[in-house]
Each structure stands twice: as C-alpha cells, then as structure tokens.
Amino acid sequence: MSNTEINNHRMQTEEDRRSGTSYWFGVAGKVIEDKLNQELSKNNVSYGWLVTPLVVLISFSCEAGLKSLLLKSNKQPKKTHDLFKLFTELDADTQDRIKKNITSTEFEATLKNSSRTFEEWRYLESKAEDQNLSANLLFLKELNTGIHKCLGFPSPLNQS
C-alpha cells in the first residue's frame, strides 16, 4: 500500500468509527430518555438524575457525527468538543441539510449556547453547587437527527 492508500484507509476507518460512535451514543441516549420518561410518568422523580447522562450522550453523539461528516468531506476535524466550531467547518450544503431538522428560529445563537454542552455536563461533579447548568435537549436531538440524516442513517432519537 502506498502512503496515500494507507492515509485514505485510516481516514475511512476513522470516519466509520466516528459514525458508529455517533449512532450508538444516540441509541444509548434514547434508551435513557425512554427510561426517564417512563419513570417520570409514574411520578418517580428519583430517576431525574438520568438527565445528566442523557445530555452527555446526545451532545457527544452530535460531536462524533459532526467529526464524521468532516472526515467524509476529507477535512480533518479539530480536536475540540465545541459543536459550533465543528459545525462551521462543514460546507454550506451540509450545514443547510442539518438546519432543515431544527425548529429553533435562532439556529446560530442556539448552537453557540449548546456548543460546549458535552464538556459542561460531562464534568458536572466538579461544578460548584451554586452553578446552574442548562441544556436545550430538543435542539440537541434535532441537531442529532440532521447529522444522522447527512450520514445516511436515521437518528435513534426519532424512534419511539
């Protein structure tokens, strides 16, 4: 194999790996979301703590999916968890295809506000008790759906 062939093979493998990571983290998020909704419908609020892993899984699924899309277009993704930075590296056509799944009328502002969700929620235990966190779960799920459509497979978050 030539260096070009090895490099292309490595990139293809990384793209597939990131696509799979995106999909399976989305599946795990859906499992947790279903359990959370099931328990909350029974007024079992002790399961409310499942919101944290749900947010972490879905935001990381978005990150891995964006990185896979960048690799698909022969771009090396930045070493960042920042969804806004990753999204803006995509070509305009891919960005538009993802945006079609978003109901928010303030896409850019919402993406910026959600861009560091994975980092903020992943390290929740190290936050001060009085520090409030928020996450736009609907936006992250819609973003995930758009990303997965661009990758050519359905978002597990749309399945009932």
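Nothing in this text is a laboratory measurement; each read-out follows from the coordinates by a stated rule. Being a predicted model, the structure only gives us computed values, none of them experimental. Don't worry about glycine lacking a Cβ; one is built from the backbone with ideal geometry, like all the others, and counts go over all protein chains shown.
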Which pairs break 21 Å Cα to Cα here: K30/K72; K100/K149; K78/K112?
K30/K72
Excluding residues on the same chain fewer than 8 positions from K141, give the aspartates and glutamates whose Cα lies under 15 Å from its Cα.
E33, D34, E63
Mind checking the angle between helix 137-151 and the chain's longest principal axis? C-alpha axes, 0 to 90 degrees, to the nearest 10.
20 degrees
For helix 51-72, report the angle its Cα long axis makes with the longest principal axis of the Cα atoms of the chain; keep it between 0 and 90° and round to the nearest 10°.
10 degrees
Nearest 10, in degrees from 0 to 90: the angle of helix 3-41 to the longest Cα principal axis of the chain is 10 degrees
GNM of the chain, Cα pairs under 10 angstrom: of L86, L143, L124, the biggest fluctuation goes to L124
Would you calculate a helix-derived [θ] at 222 nm for the chain, using -39,500 (n - 2.57) for each DSSP H run of n ≥ 4 and dividing by the full residue count, to the nearest 500?
-21000 deg cm²/dmol
Using label points projected 7 Å from each Cα along Cα→Cβ, tell me how many nm separate T13 and E106, to one decimal.
4.5 nm
If you wrap a convex hull around the C-alpha atoms of region 3-158 and split its volume per residue, what is the figure in Å³?
121 Å³
Relative contact order of the chain, pairs being alpha-carbon contacts under 8 Å that are 6 or more residues apart, as %:
28 percent
Report the charge-dipole magnitude of the chain in Debye, nearest 20, computed about the Cα centre from +1 at each Lys and Arg Cβ and -1 at each Asp and Glu Cβ.
260 debye
